[in-house]
Amino acid sequence: MIEVIDLRKSFGEIEVLKGIAITIKAGEKVAIIGPSGSGKSTFLRCLNCMEDPTGGAVIFDGVNISDMSVDINVHRRRMGMVFQQFNLFNNKTVIGNIMLAPVHIGLSELRRKKIKNIFITIGNLFRRNKKPLYQINSTPAKIRQEARENALRLLRRIGLEDKADAYPSTLSGGQKQRIAIIRALAMNPKVMLFDEPTSALDPEMVGEVLDLIRQLADEGMTMVIVTHEMGFAREVATRVLFMDDGKIVEENTPNEIFANPKNPRTKEFLSKVL
């Protein structure tokens, strides 16, 4: 599903990623651990090209999405991203946050089809073999209604339907992060990327967010999770990567990484955090 080939990223003269190579298969849950400054978050942001790689390639479903000629927004729809700081829009209600991207994309697609149909209709005036028009089975009102129904369904899933018309500033950190997760799910992604999703939460709120991620894992969602929650990584991940100094130093099953690490740097790190 995702193939990373010799991925490199520099900021000025500082090389943050130094030749990452990894393949992530559909259904895998990959946890990335390592010390601060090792390049974990930068790697995650390069996976969906929020940061443009300096070198190498990210192949997603057979397409090199790090190629500047590719419309990256098409592929980002299938790769949900959840950040440390929630990144909700405070001037929009909870349901407005969840509906924003699906409505925007739905309306954009509708406009695109209508414009293409205009050009096809004009062209058909001069063609012997007429081109068929794009089928348009939706309206702006229908797009908004379907997005709202899906948003309410997702809110019911996490028990926060009563918060649909609330603003993010009135919510707890755990509620904000769960809403950020279902906002990403509203796009029906094939992959979910989590960048330390519990690091900004008070300890008592961590569990409710991890429970939701566990549910997604149990449902077979492909995931890449940067986390400092070692117990969570051991429980949920199918594979754990240890990163240090911009490189993948060691990768293995959770049991092997945590019980029998091979690399001295991995052993040193785990001895301090376990």
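The values are calculated or read from the model by the stated rules, or taken from the named source; none is laboratory data. Just so we're clear, the structure is a prediction, and the values are computed from it rather than from any experiment. Cβ sites come from the backbone with ideal geometry, for glycine too, and all protein chains shown count toward neighbours. The area values use the complete protein model at the heavy-atom level, side chains included, leaving out ligands, DNA and RNA. Shrake-Rupley method; radii C 1.70, N 1.55, O 1.52, S 1.80 Å.
Selection of first residues in segment 62-85 that are under 25 Å from residue 228 (Cα atoms) and without any contact (Cβ under 8 Å) to a residue 40 or more places away in the chain and of second residues that are surrounded by 14 or more Cβ atoms within 10 Å (Cβ to Cβ) and basic (Lys, Arg), restricted to Cβ pairs under 6 Å at least 6 apart or on distinct chains, gives an empty result. Here residue 220 meets each of (1) closer than 21 Å to residue 95 by Cα; (2) not in a helix (DSSP H, G or I) with one exception, condition (1).
In segment 59-73, what residues are closer than 22 Å to residue 180 by Cβ and open to solvent by 60 Å² or more (accessible area, probe 1.4 Å)? Result: 73, single match.
Determine if segment 125-145 includes at least one residue that is closer than 19 Å to residue 88 by Cα and out of contact with any Cys (no Cβ under 6 Å at 6 or more places or on another chain). No, there is no match, as no residue in segment 125-145 is closer than 19 Å to residue 88 by Cα and out of contact with any Cys (no Cβ under 6 Å at 6 or more places or on another chain).
Among the conditions (1) modelled with pLDDT under 95; (2) surrounded by 14 or more Cβ atoms within 10 Å (Cβ to Cβ); (3) among the aliphatic types (A, V, I, L, M), residue 248 misses just one, which is (1).
Condition first: under 24 Å from residue 181 (Cα atoms) and assigned to a loop (DSSP other than H, G, I, E, B). Now tell me which residues in segment 127-166 satisfy that. Result: 158, 159, 160, 164, 165, 166. Residues in segment 189-214 that are in contact (Cβ under 8 Å) with a residue 60 or more places away in the chain and either farther than 22 Å from residue 43 by Cα or of a type in the set (Val, Ile, Thr) (or both): 191 alone.
Considering segment 147-160, and only residues there that are open to solvent by 60 Å² or more (accessible area, probe 1.4 Å) and either at positive phi or in contact with a helix residue (DSSP H, G or I) (Cβ under 8 Å, 6 or more places away or on another chain) (or both), the residue that is modelled with the lowest pLDDT turns out to be 157.
When you look at residue 239, is it more than 25 Å from residue 6 (Cα to Cα) and either in contact with a Leu (Cβ under 8 Å, 6 or more places away or on another chain) or open to solvent by 30 Å² or more (accessible area, probe 1.4 Å) (or both), yes or no? It is false that residue 239 is more than 25 Å from residue 6 (Cα to Cα) and either in contact with a Leu (Cβ under 8 Å, 6 or more places away or on another chain) or open to solvent by 30 Å² or more (accessible area, probe 1.4 Å) (or both).
If the condition is being free of Cβ contacts under 8 Å to residues at least 40 places away in the same chain and assigned to a loop (DSSP other than H, G, I, E, B), then segment 1-24 contributes 12, 13. Being within 17 Å of residue 216 (Cα to Cα) and touching a helix residue (DSSP H, G or I) at 6+ places or on another chain (Cβ under 6 Å) narrows it down to one residue among 144, 178; which is it? When all the criteria are applied, what remains is 178. For segment 171-207, a residue qualifies if it is polar (S, T, N, Q), in a loop (DSSP other than H, G, I, E, B) and either over 20 Å from residue 147 (Cα atoms) or touching a strand residue (DSSP E or B) at 6+ places or on another chain (Cβ under 8 Å) (or both), and the qualifying residues are 172, 198, 199. Of all the residues in segment 30-47, those that are open to solvent by less than 20 Å² (accessible area, probe 1.4 Å) and in contact (Cβ under 8 Å) with a residue 60 or more places away in the chain number 11. Which residues, taken from segment 118-146, are surrounded by 15 or more Cβ atoms within 10 Å (Cβ to Cβ) and among the β-branched types (Val, Ile, Thr)? Within segment 118-146, 120, 143 qualify.
One residue stands out among those in segment 34-57 that are over 19 Å from residue 197 (Cβ atoms) and in contact with a helix residue (DSSP H, G or I) (Cβ under 6 Å, 6 or more places away or on another chain): the one that is modelled with the lowest pLDDT, which is 49. Residue 265: more than 19 Å from the chain's Cα centre (by Cα), surrounded by fewer than 19 Cβ atoms within 10 Å (Cβ to Cβ) and not aromatic (Phe, Trp, Tyr), yes or no? Against the criterion (more than 19 Å from the chain's Cα centre (by Cα), surrounded by fewer than 19 Cβ atoms within 10 Å (Cβ to Cβ) and not aromatic (Phe, Trp, Tyr)), residue 265 qualifies.
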